[in-house]
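Report on the structure given below.
Here, each number is a calculation from the coordinates, and none is a lab measurement. Because the structure is a prediction, the values reported are computed rather than measured. Ideal geometry is used to build each Cβ from the backbone, glycine not excepted, and the neighbour counts take in all protein chains shown.
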Amino acid sequence: MADATGDGGVGPATLVLGIETSCDETAAACVRGGTDVLSSVVSSQVELHARYGGVVPEIASRAHNELIIPVTARAMVEAGVEGDRVDAVAATTGPGLVGALLVGVSAAKALALAWDVPFVSVNHLEAHLYAAFLEDPELQLPMVVLLVSGGHTLLVLMEGHGRYRLLGQTLDDAAGEAFDKVARFLGLGYPGGPAIDRVAMEGDPEAIAFPRALMDGGLDFSFSGLKTAVVNHVRAHPDVSTADVAASFQAAVVDVLVAKARAAAQEVGAGALALGGGVAANSLLREQFLTACTEDGLHAFLPSRSMCTDNAAMIAAAGWYRLQREGPTPLDCGADPNLRLATF
Amino acid sequence: MLILGIETSTMQVGCAIGGHEGVLASTHITRGKRHAENLTPAVRFLCEQSQVGLDEIGLVAVDVGPGLFTGLRVGVATAKALAFALRVPMIGVSSLDLMAFPVRFSSRLIVTALDARRGELYYAFYRQVPGGVQRIGDHQLGSPDDLASELLATGEEVLLVGDGAQRYVEAFEGLAKVELVEPGNRSPSAEALVELAHARALREEFERPDAIEPVYLRRPDAEINWSTRDGA
Ligand SMILES: [Zn+2]
């Protein structure tokens, strides 16, 4: 633990154990120097929640409590590190489901105390921004990040490490939430993102002209009207092709996401545009995002599919940067389900 | 070998250190319901003030409930992580057993009852045996009236303990043979946890950290609603 203590030096050799339990993935990872991923273990609870059509907080909390030690142990074995060789322990303290967050925060603080190493609190949204640096350390700042998941739809300007500006966000449902709700309504199952992605391949994205909300109204998003439009259309046309509905719905979401991301990059003069969050795995979004970046001469960053969804490697990476910037977080830290991205 | 005990099944956050010389140090915080914020600093404070290094801890004991879900998970996750990091075994002890421990010298039927919220109690029955008390039957979840009828049905002299009994005092006041133990004994204590765990450690009843889970007694609401819908 020579790097993280004493003179406070946090460097390329500093090894951070990251822990993530904010929603329905129990994850742990070992990352050296903020970029070198030695291990990343993710245990998804998706099957536990599937029949409810969404994440059930109490079920998630119970599962995190069962999985937290086995997942952490595996991350350490896969990285080949002994417990006392970790230099810091980072955990997501928010935003997320409070009962779920508390399992990871409690375990992480206890590990830090037992090993006598710093504990670092990590903002889940900030960690998604750092997922890009894990795969592309050469990324140039400032960049604009479009963060789209089941819980969030944000456009963030990352000016420097720890320096963010919120450019736009959803006024109602998150994009991933809209995918889940529409998939559920169409009887396509849970999680909705991959289900719609699959079915949409067979459909015509121009079959139905669903609304593109707030298309000319700044950088905020709104998806609840789109969901209602899908429901109304299907009720009015009971024999419509499900594939056409899925494809047209997906096209409406992606059009808005890509248009606003482009507008944001142009507005702030960013040279790079990055995608993050679970919805970043969507095929159409990836395709249109790349096309837009090429047309606008922007450096594009597309995360690998495993880096889109919640994982602990991004927590450890964000933790490394935060430790370097701000030092350890006191052990009386709790969880904040509504934690915001610190902006300026 | 020293034992670290962690107890968070009620509104209270407690921890204690002890061994064969008894309890060396303990701390309890009842105000605030800040389990996650308080617990790790409390363990650190306890170690520093009693001059015990965490490397001297040979066993982590934890109150596994029944009790308040979030508090329990904070305690169990913390205890498991400490045991994992320190590479020591664990012992899980029931919250209701912990409540019976301080009144173990009573020859009456001992009943411990913790507040389960939603108008219900977690409770269990105990009888004196040489060297302590023994639980009769399982942990139960029921209304104060359910418990009152059970107490009446025994026809025995009863000592009733716990925050659940205190909260629903009106359900038990009319029962002639039932005595409620006064405040001061409302919540499980970390000292009792260390003492009970010590006795079980002598019998080598150790558990692995990944085998310890809270005793919930109540299924998640979503699961209950689902099976109700299924049955309909
Ligand atoms: Zn996420």
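Measuring between their Cα centroids, the range B:155-195 and the range A:171-188 lie 50 Å from each other.
Size descriptor for chain B, Kirkwood hydrodynamic radius: 18.2 Å (Cα pairs only, one decimal). Against chain B, whose longest principal axis is taken from its Cα atoms, helix B:69-86 shows a tilt of about 30°. For the range B:62-147, the fraction of C-alpha pairs more than 17 angstrom apart is 55%.
Counting every other Cβ atom within 10 Å of each residue's Cβ, A:115, A:320, B:226 order from fewest to most as B:226, A:115, A:320.
Please give the Cα centre distance for the range A:253-314 versus the range B:196-221, rounded to the nearest Å. What the calculation gives is 47 Å, centre to centre. If you line up the long axis of helix B:35-50 against the longest principal axis of chain B, both from Cα atoms, how many degrees apart are they, to the nearest 10? Taking the Cα atoms of chain B, the angle to B:35-50 is about 50 degrees.
Under a Gaussian network description of chain A, with springs only between Cα atoms under 10 Å, the residue in A:309, A:228, A:92 that fluctuates furthest is A:228.
Considering only A:95, A:330, A:238, the mean-square fluctuation computed in a Gaussian network model of chain A, springs between alpha carbons under 10 angstrom, is largest for A:238. Can you say what percent of the DSSP beta bridges in the range A:140-307, counting only those with both residues inside, are antiparallel? Round to 5. Of those bridges, close to 55 percent are antiparallel. In straight-distance terms, cross-link reach from residue A:109 covers every one of the lysines whose alpha-carbon lies under 22 Å from its own, apart from those fewer than eight places away in the same chain; here that gives B:33, B:80. As a calculated quantity, the FRET efficiency between residue B:87 and residue A:171 at R0 = 56 Å, using C-beta atoms, amounts to about 0.65.
If both residues of a DSSP beta bridge must be in the range A:78-176, then about 70% of such bridges are antiparallel.
If you average the C-alpha positions of the range A:229-250 and of the range B:6-73 separately, how far apart do those two centres end up, in angstrom? One Cα centre to the other: 56 Å.
For the range B:1-80, trypsin sites (Lys or Arg not before Pro) are listed when DSSP marks them as loop and at most 16 other Cβ atoms sit within 10 Å of their Cβ; the list is B:31, B:33, B:34. Once a ≥ b ≥ c are taken as the square roots of the eigenvalues of the Cα gyration tensor of the range B:102-232, is the result rounded (a/c under 1.5), prolate (a/b larger than b/c) or oblate (a/b not larger than b/c)? Note, shape of the range B:102-232 comes out oblate. In terms of the mean number of neighbouring beta-carbon atoms within 10 Å, the peptides A:145-153, B:173-181, A:218-226 order highest first as A:145-153, A:218-226, B:173-181. Using Cβ point charges alone (K and R +1, D and E -1), the dipole size of chain A about the Cα centre works out to roughly 400 debye.
Here's the list of lysines a cross-link from residue A:260 could span, going by alpha-carbon distance under 29 Å and ignoring same-chain residues fewer than 8 apart: A:181, A:227.
Using the alpha-carbon atoms, what tilt in degrees (0 to 90, nearest 10) does helix B:190-202 show relative to the longest principal axis of chain B? Here the helix axis deviates by roughly 70 degrees. In the range A:140-307, inverting the average of 1/r over every pair of distinct C-alpha atoms gives 16.0 Å as the Kirkwood radius. Translational diffusion of the protein assembly as shown, estimated by Stokes-Einstein from the Kirkwood radius over alpha carbon pairs at 25 °C in a medium of 0.890 mPa s, is 96 µm² per second.
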